[in-house]
Amino acid sequence: MKLSQLNAFKAIVECRTVTAAAERLNLSQPAVSRLLAALEQRLGFQLFIRKGNRLQLSDDGEAFYLEVARAFEAVSGLDQAAASIRAHRFGRLNIAAMPLLSNTFLPRTLARFLHQSPQMKVALKTYRSEEVVHRVQSQTTDIGFAFIDEPLAGVRARRVKCKSVCLLPASSPLAEKSHIDVDDLADLPLIRHEKDVSQRQFDALLRRYQLNMTEQIEVSLATTAAALVQEGLGMAITDPFTARIASEHNAVIERPLAFSLPFEFEVLYPALRPLNRHAQRFIDHFTALAADMGIELNMGPMRDLSEKK
């Protein structure tokens, strides 16, 4: 069964005569008649009942036309599908991220991304950094967001640098200050994070300035620390992503630090297969959202993590 035969049949049904169908197809009338005859022979049943110079659809022909029309509609949809693929609206993206980003900031990034690509299929999974690394190393994840501090085989990465900030209860006297300095840290109980890279840097800072702090609460997640600040239970030194979203609540104030306390993490990519074509667009949305929210990011160049520093 040839497409030219189906096209001739469809044209005859819609134009009502072989002559009109031939004009539509820019073919001779005998050529259209031959195409129809060949199709009927291939099918094994009559598509039309001949009544003088007129053709009337047979019952079998009417049933077959419905299927042909459906098939042509599907084929015509391929143009739209191709346009959507060119515009990056179709595809799949697998993302693995540490909770710090997957709980708040990445869902907003994803909302922007899918607004432009509504038919994309995206998996956004939350894991600890070690598991994120494992999934990128296994080449099953397109983008990973994690803390790392060692060489990794099969992984490429871009380092993201920004500045830690302070989250305060809005009722705190420190909320009146434009910046939080080291000496201010002794004025409120500190909500500590577990011993991640940023917390270790902060602990080193406290030792350097010989500050003794009231450390009543330790948490695993930055969002938990933000929620406790909102309840007025203390302050937290945290990442700007969690802080910026938490400070949208009236009970929480974000203040920059007067001292340097970098916050760094890695965007990871599988090194043993081509970069997913949608991955860079997602990172573009990530950096654009950060800029819109006033978060200054420094994105480093792509590097191979199998190479020792």
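The values are calculated or read from the model by the stated rules, or taken from the named source; none is laboratory data. Quick caveat: nothing in here was measured; it's all calculated off a predicted structure. Cβ coordinates were reconstructed from backbone atoms using ideal geometry, including for glycine residues, and neighbour counts include every protein chain displayed. The protein model used for the area step is the full one, side chains on, heavy atoms only, and it has no ligands, DNA or RNA in it. Shrake-Rupley method; radii C 1.70, N 1.55, O 1.52, S 1.80 Å.
With the other protein chains left in place, how much accessible area per residue, in square angstrom, belongs to the chain at a 1.4 angstrom probe?
Accessible surface, normalised per residue, equals 54 Å².
When the chain is modelled as a GNM with alpha-carbon springs shorter than 10 Å, which of 236, 20, 71 fluctuates the most?
20
Only Cα pairs within less than 10 Å get springs; with that Gaussian network setup on the chain, which residue of 287, 19, 140 has the largest fluctuation?
Comparing 287, 19, 140 in the GNM, the peak value goes to 19.
If the chain between residue 62 and residue 210 were fully stretched, how many nm would it gain, using 0.36 nm times the residue separation less the Cα-Cα distance?
Answer, rounded to one decimal: 44.4 nm.
Of all accessible surface on region 208-309 at a 1.4 Å probe, what whole percent is carbon and sulfur?
In region 208-309, the share of accessible area belonging to carbon and sulfur is 48 percent.
Nearest 500 deg cm²/dmol is fine: what mean residue ellipticity at 222 nm does the chain get from its DSSP H runs of n ≥ 4 alone, each adding -39,500 (n - 2.57), divided by its residue count?
It lands at -13000 deg cm²/dmol.
Mean separation of Cα pairs under 8 Å and 6+ residues apart, divided by the residue count of the chain: what relative contact order is that in percent?
22
Identify the GluC sites (Glu not before Pro) of region 126-204 meeting these criteria: DSSP loop state and at most 11 other C-beta atoms within 10 Å of the C-beta.
Listed in order of number, the matching sites are 194.
Looking at the chain, I'd like the Rg to Rh ratio, where Rg is from alpha-carbon atoms and Rh is Kirkwood's inverse mean 1/r.
Result for the chain is an Rg/Rh of 1.31.
Cα convex hull of region 116-155: how many Å³ per residue?
Spread over its residues, the Cα hull of region 116-155 gives 86 Å³ apiece.
Starting from the Cα of residue 163, draw a straight line to each of the aspartates and glutamates and keep only those under 12 Å, dropping any in the same chain fewer than 8 residues away.
Answer for residue 163, where 12 Å is the Cα cut-off: 239, 264, 296, listed by chain and number.
Take the chain, connect every pair of alpha-carbon atoms lying under 10 Å apart with a spring to form a Gaussian network, then pick out the residue of 218, 296, 67 with the largest mean-square fluctuation.
Result for the chain, Cα springs under 10 Å: 67 fluctuates most.
Of the heavy-atom accessible surface of region 109-197 (probe 1.4 angstrom), what whole percent is carbon and sulfur?
So the carbon and sulfur contribution to the accessible surface is 48 percent.
Say R0 is 22 Å: what FRET efficiency, to the nearest 0.05, do residue 116 and residue 158 get from their beta-carbon distance?
With R0 = 22 Å, the Cβ-Cβ based efficiency is 0.50.
Which helices, taking whole DSSP H runs in the chain, have alpha carbons extending 30 angstrom or more along the helix axis plus mean Kyte-Doolittle at least -1.0?
For the chain, where a helix must reach 30 Å along its axis and average at least -1.0, the hits are 59-86.
Going by a ≥ b ≥ c, the root eigenvalues of the Cα gyration tensor, does region 129-255 fall in the rounded group (a/c under 1.5), the prolate group (a/b larger than b/c) or the oblate group?
Judged from the Cα gyration tensor, region 129-255 comes out prolate (a/c at least 1.5, a/b above b/c).
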